[in-house]
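The values are calculated or read from the model by the stated rules, or taken from the named source; none is laboratory data. Quick caveat, the model's predicted, so the values are computed rather than measured. No Cβ is skipped: glycine too gets one built from the backbone with ideal geometry, and neighbour counts run over all protein chains shown.
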Amino acid sequence: MPNPFNFFAMKQYDAVVVGAGPVGGFIAGSISKKGYDVALLEEHHEIGRPVQCAGFVTPRVFDILGFKCGIINEVSTAKVHFPSNRTLVFDAKKPRACVIDRAVFDSKIVKNAADYGSELRLGTKVIKVKKDGERIGVEIRQNGERKNIDCTLIIGCDGIGSIVARSFNLSKPKEILSGFGAECVCKEKIDSSYVDIIIGNKIAPGFFAWMIPTDIGARVGLCASLGKKNTYQYFKNLLAQPLVKKRMGHPKIERYITGVIPLGPMKKIYTDGVMLAGDAAAQVKPLSGGGVYLGLLCGKHCADVSVKALEKEDLSEKILNEYPKRIQNDVGKELKRAYQLRKIYVGLKDKHLEEGYDILNDEKILNFIAKHGDIDYPSGLTKAVLKKAPRLMKFAGPVLKSLI
């Protein structure tokens, strides 16, 4: 059978990064900066579109990037609404998170990659990936034309259902959430200092709903465990809630935001000449579903190991194995604990959530959580909160004890 990849007739790169989201753009730029020839492939014709993210991050994201971009406003307070319509307010008194414009944010990161020398190919869909010895052939369709390129290292930042992951039989996420939301324009300017989190099995089973203020209104949406009813039905129900109507009035929906969120650490995210990062590697925070910070953090490890392997001219599993080891040493324990906490949360009925409200509705506890809580590292607060509110142990004593 003839080889579909003629390696002498195609453009050759040191590395090919599939997916020009923030993680792919960051990794491509980090490798290009060291002088390597990198192709950054994106199937869409515009960076940051379509939007598939609520755009809510902490300042740590900008610490990793080394610059700020796309910030719409800063948030200091979270209001958590329970099924009975009671509310807990966590006010940190100072900005703790940022609302970003993902299109602007993504574009800046990708522009940086291009400035460092990455070759950006928009409207380019990967059709096939095949390894042949030490080279990897990548068949692409760009503007309707099929082409072949080749590299020594391919990095899949192409999200859930990654063709890179499928081509090399790498792992799948433990769990997948389905999300549906909208970017809304409100007639009246809303308070931009706080976000609303709405919990309850009738609102968003297995997860939560949100209202995040923007410069034109708010992003409202939810995620729910797959296998439940259509998330669009949950979304319509969410818009009908008095709480949502009170804050947003009768908003105009500018565009819908849909997507899926992979959860749970994947066992295998690399092989000879291949690595996965971002959503493709399920590098998503289990409790919040946020993937930007964790994806960039893991992406930094991915880029560092890539450069090290390229310098050694050794892209073997033995060398690339350093990538998951770095992640484990950095955030492995946190991700494991956070996923355990998520499993506890998923098992709670609405009556248990209400009991949680009664336990936490104490000014000292609320102030403590607001001051020390961390949406990037939520499990770190577990031990201290349980000391202040030991009745929480009743929901999952053995599991919670394992976390402390």
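Can you work out which of the residues in segment 73-106 that are in a helix (DSSP H, G or I) and not acidic (D, E) is surrounded by the most Cβ atoms within 10 Å (Cβ to Cβ)?
Initially, segment 73-106 is screened for residues in a helix (DSSP H, G or I), giving 102-106.
If we keep only those that are not acidic (D, E) too, we end up with 102-105.
Values: R102: 22, A103: 16, V104: 16, F105: 28.
Only one residue fits best here, namely F105.
Looking at segment 229-247 only, could you name the residues that are surrounded by 12 or more Cβ atoms within 10 Å (Cβ to Cβ) and farther than 13 Å from K187 by Cα? Can you show your working first?
Within segment 229-247, the subset surrounded by 12 or more Cβ atoms within 10 Å (Cβ to Cβ) is 231-235, 237-239, 241, 243-245, 247.
Result: T231, Y232, Q233, Y234, F235, N237, L238, L239, Q241, L243, V244.
How many residues, within segment 87-114, are touching a helix residue (DSSP H, G or I) at 6+ places or on another chain (Cβ under 9 Å) and within 30 Å of K364 (Cβ to Cβ)? Counting residues in segment 87-114 that are touching a helix residue (DSSP H, G or I) at 6+ places or on another chain (Cβ under 9 Å) and within 30 Å of K364 (Cβ to Cβ) gives 9.
Taken as a whole, the condition of being without any contact (Cβ under 8 Å) to a residue 60 or more places away in the chain, surrounded by 16 or more Cβ atoms within 10 Å (Cβ to Cβ) and not charged (D, E, K, R) applies to V284. Considering segment 181-233, the qualifying strands (runs of 3 or more DSSP E), each wholly inside and each with 1 or more residues that are outside the structural domain of L353 (by TED's automatic domain parsing) and at pLDDT below 95, run over 217-225. Exactly one residue among A97, A78 is more than 30 Å from I269 (Cα to Cα) and within 21 Å of the chain's Cα centre (by Cα), and that residue is A78. For segment 140-163, a residue qualifies if it is of a type in the set (A, V, I, L, M, F, W, C) and either surrounded by 22 or more Cβ atoms within 10 Å (Cβ to Cβ) or under 16 Å from E119 (Cβ atoms) (or both), and the qualifying residues are I140, I149, C151, L153, I154, I155, C157. I'd like the residue in segment 45-59 that is in contact with a strand residue (DSSP E or B) (Cβ under 9 Å, 6 or more places away or on another chain) and not β-branched (V, I, T) and, out of all such residues, is surrounded by the fewest Cβ atoms within 10 Å (Cβ to Cβ). By that ranking, first place goes to P50.
Can you go through D279, D314, D374, D358 and tell me which one is surrounded by fewer than 19 Cβ atoms within 10 Å (Cβ to Cβ) and within 21 Å of G156 (Cβ to Cβ)?
Working: D279 fails: surrounded by fewer than 19 Cβ atoms within 10 Å (Cβ to Cβ); D374 fails: within 21 Å of G156 (Cβ to Cβ); D358 fails: within 21 Å of G156 (Cβ to Cβ).
Being surrounded by fewer than 19 Cβ atoms within 10 Å (Cβ to Cβ) and within 21 Å of G156 (Cβ to Cβ) holds for just one of D279, D314, D374, D358, which is D314.
Which ones in segment 248-260 are surrounded by 16 or more Cβ atoms within 10 Å (Cβ to Cβ) and touching a Pro at 6+ places or on another chain (Cβ under 9 Å)? Don't jump to the end; show me each part of the working.
Taking segment 248-260 as the starting set, the residues that turn out to be surrounded by 16 or more Cβ atoms within 10 Å (Cβ to Cβ) are 248, 251, 257-260.
Passing the criteria: I257, T258, G259.
Among the listed residues F67, F26, F62, identify the single one that is farther than 30 Å from P205 by Cβ and surrounded by fewer than 14 Cβ atoms within 10 Å (Cβ to Cβ). Break it down stepwise before answering.
Values: F26 fails: surrounded by fewer than 14 Cβ atoms within 10 Å (Cβ to Cβ); F62 fails: surrounded by fewer than 14 Cβ atoms within 10 Å (Cβ to Cβ).
Among F67, F26, F62, only F67 is farther than 30 Å from P205 by Cβ and surrounded by fewer than 14 Cβ atoms within 10 Å (Cβ to Cβ).
For the residues Y323, Y270, Y293, the requirement of being in the same structural domain as V23 (by TED's automatic domain parsing), buried (at least 18 other Cβ atoms within 10 Å of the Cβ) and in contact with an Asp or Glu (Cβ under 6 Å, 6 or more places away or on another chain) singles out Y293. For segment 176-203, taking the residues that are surrounded by fewer than 19 Cβ atoms within 10 Å (Cβ to Cβ) and acidic (D, E), the one that is farthest from the chain's Cα centre (by Cα) is identified as E188.
Just a yes or no: is a residue in segment 380-394 of a type in the set (A, V, I, L, M, F, W, C), not in a helix (DSSP H, G or I) and not assigned by TED's automatic domain parsing to the domain that holds V23?
Kept after step one, since they are of a type in the set (A, V, I, L, M, F, W, C), are these residues of segment 380-394: 381, 384-386, 389, 392-393.
So of that shortlist, the ones also not in a helix (DSSP H, G or I) come out as 389.
Checking which are not assigned by TED's automatic domain parsing to the domain that holds V23 leaves us with 389.
Taking every residue of segment 380-394 in turn, at least one turns out to be of a type in the set (A, V, I, L, M, F, W, C), not in a helix (DSSP H, G or I) and not assigned by TED's automatic domain parsing to the domain that holds V23.
The residues on offer are G156, G144, and the sole one that is out of contact with any Pro (no Cβ under 7 Å at 6 or more places or on another chain) and under 25 Å from G35 (Cβ atoms) is G156.
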